[in-house]
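Below is one structure, written out as structure tokens, with a few remarks after it.
The values are calculated or read from the model by the stated rules, or taken from the named source; none is laboratory data. All values derive from a computational prediction rather than experimental measurement. Don't worry about glycine lacking a Cβ; one is built from the backbone with ideal geometry, like all the others, and counts go over all protein chains shown.
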Amino acid sequence: MRRRDAVGDELKDFSGLAFRRPFAAFAMMFFMLSLGGIPPTAGFMGKFWLFSAAIDSGYVWLAVIGVLNSAISIYLLLADRGLHVPAQGIDGLRSDAEPGA
């Protein structure tokens, strides 16, 4: 369910975020990369230690499943990157843009 006055409940609400709030868009990208486990973020270190411990304990199969799930999560976390920069560019976001431009 979505409230009428809430902004950010759906992914389409983030369309053009890179132009409207560049710092927020950069922070969101950085946190998504951390959740995916991209180096040199804390998410990478956590996953590295977790998978290393699983391998050292003899659970190689579990580490492989974890790495595969991480790869899937990176794809899903970054799949919305087109929402931050709309196809029409910055002119589509400006209120002073000429109609039809």
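Regarding segment 12-27, can at least one residue be identified that is at pLDDT below 85, touching a Gly at 6+ places or on another chain (Cβ under 6 Å) and not charged (D, E, K, R)? No, segment 12-27 has no match at all.
When segment 33-57 is limited to residues that are in a helix (DSSP H, G or I) and touching a Ser or Thr at 6+ places or on another chain (Cβ under 8 Å), the one that is surrounded by the fewest Cβ atoms within 10 Å (Cβ to Cβ) turns out to be Ala42. Across segment 21-32, the number of residues qualifying as exposed (fewer than 13 other Cβ atoms within 10 Å of the Cβ) and more than 13 Å from the chain's Cα centre (by Cα) comes to 2.
Counting just the residues of segment 58-82 that are over 30 Å from Gly16 (Cα atoms) and small (Gly, Ala, Ser), which one comes out surrounded by the most Cβ atoms within 10 Å (Cβ to Cβ)? In this case the residue turns out to be Ala63.
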